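Chemist: Sharing a structure with you now.
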Amino acid sequence: MSGNLDGGRAGREAHEAIDRAMVAAHYTHAEARDAECWFDADRLASEPETTAWKRLARWRQAQWRDTQGFPIGSDPYRGGLRSKKVGNRIDLDYARKHGSNFLTPPAFQAVRARLSLREVDQNLDEDALWADLLSPGALSFNLFGTLAGNPALAAKAVEAWWPKLAAGSVSLRFAHSPGWRDPAFLGTGAGFDVAFEIDGAAGATVIGLQVKYHEHAAVEPAPDPEARARFVAVGERSGVFIHGFQAAVIGTALQRIWQEHSLVLAMLQHGSQRWRQGRFVLVYPALNPSFATAVAHYRELLADPSTFEALTIEQLLQSKALDRPTRDAIQARYI
């Protein structure tokens, strides 16, 4: 992807693609309201195509829940007298008992295995993971859960997706950081939705993934001066960015991508020298126009693009690196 994707033609094409998807999904505004999945939070006044995508994604998940016969959830997750029904959520107690947010037994097993562990200072919203059908964490387990307990299948997937980085034994970690809030790893609560580690003769390779679905690339406040200095120092040492990149990312819609990418760069610069190669991979649906645009602009800031990659969910599925039941289930629910 390259070029100015937020221009007139690209914006029209994005909206037309979403309109076609809405027709295919038999989506109407009235039905979305009746299904408890029409919320002002999805509206971005300056991005009508992103608004349309967010509303379609929420509708899809509400429809999927209804088709499966799962009881509707609420905001807040644990209910209460003032709680409101939310169509894209499953009743929390039901979801925890049955693992309803997860599409395959291996994905459910991977969730239980991850929640049985605890990384110090981890940033993990367990209620959303169990019950929110829009959760990117749940999508991560649904996409990659079958690889977690199968090293041979994981190695095959890495070979298909990242052939130049595949040379050694492969392991996966979900909702992972090498050091949550550790200043050596930028000192934030940021981590990877999924981290592939490849142990080879020349050292370890890390491929850190952030998975997006319903979200958009939001403008965020600039980090405090101390955190900003850490991020900028890592970026400048890496040689990855063009001169003056800071002005284009700090306090903009690209800031979160930059911070997530920087975690991989910090690992490559770590004093332990454990990681010899690394790449940050942003995964998002092809219909999500916000991230398509953000990726195009972010790539313009890279003097060396080798540590950054963007893949759509559709590209992951088309590679056929995942087993057929997983591909079919992802396609039916998310695509």
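The values are calculated or read from the model by the stated rules, or taken from the named source; none is laboratory data. Just so we're clear, the structure is a prediction, and the values are computed from it rather than from any experiment. All Cβ positions, glycine included, derive from the backbone under ideal geometry; neighbour counts span all protein chains shown.
Chemist: Kindly list the number of the only condition in (1) within 30 Å of Asp93 (Cα to Cα); (2) outside any helix (DSSP H, G or I); (3) under 16 Å from the mean Cα position of the chain (by Cα); (4) touching a residue at least 60 places away in the same chain (Cβ under 8 Å) that fails for Leu124.
Modeler: It fails just one condition, (4).
Chemist: Report, by residue number, each residue of the stretch 178-214 that is surrounded by 17 or more Cβ atoms within 10 Å (Cβ to Cβ), in contact (Cβ under 8 Å) with a residue 60 or more places away in the chain and part of a loop (DSSP other than H, G, I, E, B).
Modeler: Pro178, Trp180, Leu186, Thr188, Ala190, Gly191, Lys212, Tyr213, His214
Chemist: Within the stretch 311-328, is there a residue that is modelled with pLDDT of 95 or more, in a helix (DSSP H, G or I), of a type outside the set (Phe, Trp, Tyr) and touching a strand residue (DSSP E or B) at 6+ places or on another chain (Cβ under 8 Å)?
Modeler: yes
Chemist: Same structure again: Based on this model, can you work out whether Ser100 counts as of a type in the set (S, T, N, Q) and part of a helix (DSSP H, G or I)?
Modeler: no
Chemist: Tell me, which residue of the stretch 26-45 that is in a loop (DSSP other than H, G, I, E, B) and under 23 Å from the mean Cα position of the chain (by Cα) is surrounded by the fewest Cβ atoms within 10 Å (Cβ to Cβ)?
Modeler: Arg43
Chemist: Let me confirm something: among Ala62, Ala107, Ala113, which residue is among the hydrophobic types (A, V, I, L, M, F, W, C), modelled with pLDDT of 95 or more, surrounded by fewer than 16 Cβ atoms within 10 Å (Cβ to Cβ) and not in a strand (DSSP E or B)?
Modeler: Ala113
Chemist: Can you pull out the residues in the stretch 1-25 that are in a helix (DSSP H, G or I) and either modelled with pLDDT of 90 or more or hydrophobic (A, V, I, L, M, F, W, C) (or both)?
Modeler: If the condition is that a residue be in a helix (DSSP H, G or I) and either modelled with pLDDT of 90 or more or hydrophobic (A, V, I, L, M, F, W, C) (or both), then Ala10, Ala14, Ala17, Ile18, Ala21, Met22, Val23, Ala24 are the ones that fit.
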